[in-house]
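Notes for the one structure printed next.
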Amino acid sequence: MDTTTLHVASVTPETDAIDVRALLRCMSMLEPRAQSILHMSFYREKCADEIAGVLGTTAGNVRVVRHRAMAQLRRCLERPNEAAR
């Protein structure tokens with residue numbers, strides 16, 4: 001075996017399959033501001049400072065909203081019956 005060959009499976013962390021429908025359902029339960037922050041963070045790959053500039057807030061506020069939104073998404077995906085909390 002060639003020692004310079006990269007075996008992707010050995011460096012790629014295992015991840016669970018994502019139920020896209022469930023994720024979209026859970027995303028729709030978030031407030032519009034939280035949805036925007038997640039979209040800009042993970043789809044547009046913007047940093048907190050850039051998002052704060054767009055939304056007219058602080059980077060710290062963006063991080064707090066993002067953290068809370070991610071926690072809400074996790075709860076929704078793990079326990080769909082408790083998603084409204």
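The values are calculated or read from the model by the stated rules, or taken from the named source; none is laboratory data. What you are looking at is a predicted structure, and each value in this text was computed from that prediction instead of being measured. For neighbour counting, all protein chains shown are included, and Cβ atoms are generated from backbone atoms with ideal geometry for every residue, glycine included. Each accessible area value is taken on the protein alone, full model and side chains, heavy atoms only, with ligands, DNA and RNA left out. Shrake-Rupley method; radii C 1.70, N 1.55, O 1.52, S 1.80 Å.
Some observations on this one:
- Of the residues screened, ARG85 is not one that is at pLDDT below 95, part of a helix (DSSP H, G or I) and not aromatic (Phe, Trp, Tyr).
- Scoring SER10 on the criteria (1) assigned to a loop (DSSP other than H, G, I, E, B); (2) open to solvent by less than 100 Å² (accessible area, probe 1.4 Å); (3) modelled with pLDDT under 95 leaves a single failure, condition (1).
- Top-ranked residue in the stretch 20-49 [being of a type in the set (Asp, Glu) and either outside any helix (DSSP H, G or I) or open to solvent by less than 90 Å² (accessible area, probe 1.4 Å) (or both); ranked as farthest from ARG66 (Cα to Cα)]: GLU45
- Single condition VAL54 does not satisfy, out of (1) modelled with pLDDT of 95 or more; (2) open to solvent by less than 70 Å² (accessible area, probe 1.4 Å): (2)
Yes/no per residue for (1) touching a residue at least 60 places away in the same chain (Cβ under 8 Å); (2) of a type in the set (Gly, Ala, Ser); (3) touching a Lys or Arg at 6+ places or on another chain (Cβ under 8 Å):
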site: GLN35; (1), (2), (3): no, no, no
site: ARG44; (1), (2), (3): no, no, no
site: GLY56; (1), (2), (3): no, yes, no
site: VAL65; (1), (2), (3): no, no, yes
